[in-house]
Amino acid sequence: MGGRQGIASTFLLIVGFVLIAVPTAILVNSLGDSVSELIHKVQTNSLQIPAPPDQVAGWPLVGEKLHAIWSKAHADLPSLVKSMQPKIGDLAKWLLGFVAAIGGGMLMFMAAFIVSGIIMAFGESGVRGSRAIFDRVIGPERGGKLAELSTATIRVVAQGVVGVAFIQAIAVGLCLLIAGVPWAGALSAIVLILGIAQVPALLVTLPAIIYVWSRGGHGSAVAIAYSVLLFLAGMTDNVLKPLLLGRGVDAPMPVILLGALGGMATRGILGMFVGATLLALGYQIFMGWVANRSAGEGSAAQGDPPAAN
């Protein structure tokens, strides 16, 4: 852009909205419509449950009970709903609250995206100011290195946590569409949320694999192929995370991951970045203190006079 930060940040902001914000908003809206429609059908007794396949009863541990509940839902859904009314009511409230929380988080994300675009427009002056703060607080000898470590840690968390979760959600969503699993968009959004929260996507892909086999609409070879695709898509983060998380950062990957998980558990998405950065800085400061102390003790030992005989 010829060194014009304002135009460059505006361009990045528009591209980010097109590639991230708009598809995510569509997925959230689709998820909300699906949940509302499901609740409406349950309340009006218009929901039709297909009969369970016979092979469901042969599943170990839960097969017979699941087949019995499924058969009752197929034969007399209103009676089943009435018997489970308190639990279903609580579940419906939880689902609506879950969708509302996602929508609120999406609005906050868009607002943060706009703020980041404004900050990027003044990036060079921000870099000089933050380096000056680090130099003043820590000292010019180590201030620049710790400022670079903070920047690299935030970038790695964005790529290794959020980026990997986004890639995994796309991969799982495409596999669900290919396999013909219903609610593929909603399940893909759930995989994205689970990936950011560092929860395995197998919680979604394994039930999808069970659905593919229980439906019985494919041959064994096709069902095996779909199962392998879904299983591999659910394990994508295990391959990408070691490659992206901790890359280019002067701190071990477990330190960054623990900081991100602890920060997210206490302060949500923002805490994930703050926690990883603080723990990486703390680790670097502590290891520098250990190295300086070891070097000082070594120099003192070399300067000791020889013992008298």
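The values are calculated or read from the model by the stated rules, or taken from the named source; none is laboratory data. Keep in mind that this is a model prediction, so the values were computed, not measured. All Cβ positions, even for glycine, are placed from backbone atoms using ideal geometry, and neighbour counts span all protein chains on display. For accessibility, only protein heavy atoms count, side chains too; no ligands or nucleic acids. Shrake-Rupley method; radii C 1.70, N 1.55, O 1.52, S 1.80 Å.
Looking only at the stretch 254-286, count how many residues are over 18 Å from the mean Cα position of the chain (by Cα) and of a type in the set (Gly, Ala, Ser).
2
Evaluate the stretch 82-91: report whether one residue or more is more than 25 Å from residue 158 (Cβ to Cβ), assigned to a loop (DSSP other than H, G, I, E, B) and at pLDDT below 75. Spell out the reasoning first.
Taking the stretch 82-91 and keeping what is more than 25 Å from residue 158 (Cβ to Cβ), we get 82-91.
Keeping just the survivors that are assigned to a loop (DSSP other than H, G, I, E, B) gives 84.
Checking which are at pLDDT below 75 leaves us with 84.
Checking the stretch 82-91: at least one residue is more than 25 Å from residue 158 (Cβ to Cβ), assigned to a loop (DSSP other than H, G, I, E, B) and at pLDDT below 75.
Could you run through the stretch 240-263 and say how many residues are at pLDDT below 80 and either within 18 Å of residue 191 (Cβ to Cβ) or open to solvent by less than 40 Å² (accessible area, probe 1.4 Å) (or both)?
Residues in the stretch 240-263 being at pLDDT below 80 and either within 18 Å of residue 191 (Cβ to Cβ) or open to solvent by less than 40 Å² (accessible area, probe 1.4 Å) (or both): 6 in total.
Is it fair to say residue 50 is at pLDDT 70 or above, at negative phi and surrounded by 12 or more Cβ atoms within 10 Å (Cβ to Cβ)?
Criteria not met by residue 50.
Would you confirm, using the coordinates I've provided, whether residue 188 is of a type in the set (Gly, Ala, Ser) and without any contact (Cβ under 8 Å) to a residue 60 or more places away in the chain? Give the steps one after another, and end with the answer.
On the way: of a type in the set (Gly, Ala, Ser): yes; without any contact (Cβ under 8 Å) to a residue 60 or more places away in the chain: no.
Taking the combined requirement at face value, the residue does not satisfy it.
Out of the residues in the stretch 60-78 that are of a type in the set (D, E, K, R) and either in contact with a Lys or Arg (Cβ under 6 Å, 6 or more places away or on another chain) or assigned to a helix (DSSP H, G or I) (or both), which is farthest from residue 212 (Cα to Cα)? Give the steps one after another, and end with the answer.
The first filter runs over the stretch 60-78 and keeps only residues of a type in the set (D, E, K, R), leaving 64-65, 72, 76.
Imposing the further condition that a residue be either in contact with a Lys or Arg (Cβ under 6 Å, 6 or more places away or on another chain) or assigned to a helix (DSSP H, G or I) (or both) reduces the set to 64-65, 72.
On the way: 64: 19, 65: 20, 72: 22 Å.
Of everything passing the filter in the stretch 60-78, 72 is farthest from residue 212 (Cα to Cα).
Taking the condition without any contact (Cβ under 8 Å) to a residue 60 or more places away in the chain, of a type in the set (Gly, Ala, Ser) and over 30 Å from residue 287 (Cα atoms), does residue 220 pass? Give the steps one after another, and end with the answer.
Details: without any contact (Cβ under 8 Å) to a residue 60 or more places away in the chain: yes; of a type in the set (Gly, Ala, Ser): yes; over 30 Å from residue 287 (Cα atoms): yes.
In short, yes.
So, in the stretch 125-141, exactly how many residues are hydrophobic (A, V, I, L, M, F, W, C) and open to solvent by 60 Å² or more (accessible area, probe 1.4 Å)?
Start the filter on the stretch 125-141 by keeping residues that are hydrophobic (A, V, I, L, M, F, W, C), which leaves 127, 132-134, 137-138.
Now restrict to residues that are open to solvent by 60 Å² or more (accessible area, probe 1.4 Å): 127, 133, 137-138.
Result for the stretch 125-141: 4.
Out of the stretch 216-233, which residues are surrounded by 15 or more Cβ atoms within 10 Å (Cβ to Cβ) and either in contact with a strand residue (DSSP E or B) (Cβ under 7 Å, 6 or more places away or on another chain) or not in a helix (DSSP H, G or I) (or both)?
Correct list: 218 only.
Looking at the structure I just gave you, is residue 57 at pLDDT 75 or above and either of a type in the set (Val, Ile, Thr) or not in a loop (DSSP other than H, G, I, E, B) (or both)? It would help to see each step written out before you state the result.
Details: at pLDDT 75 or above: no; either of a type in the set (Val, Ile, Thr) or not in a loop (DSSP other than H, G, I, E, B) (or both): yes.
Taking the combined requirement at face value, the residue does not satisfy it.
Please specify each residue of the stretch 153-190 satisfying the condition of being within 19 Å of residue 262 (Cβ to Cβ) and in contact with an Asp or Glu (Cβ under 8 Å, 6 or more places away or on another chain).
Passing the criteria: 164, 165.
For the condition open to solvent by less than 70 Å² (accessible area, probe 1.4 Å), within 24 Å of residue 108 (Cα to Cα) and among the hydroxyl-bearing types (Ser, Thr, Tyr), what is the one hit in 205, 236, 277, 266? Full working, then the answer.
Working: 205 fails: within 24 Å of residue 108 (Cα to Cα); 236 fails: within 24 Å of residue 108 (Cα to Cα); 266 fails: open to solvent by less than 70 Å² (accessible area, probe 1.4 Å).
Going through 205, 236, 277, 266 in turn, just one is open to solvent by less than 70 Å² (accessible area, probe 1.4 Å), within 24 Å of residue 108 (Cα to Cα) and among the hydroxyl-bearing types (Ser, Thr, Tyr): 277.
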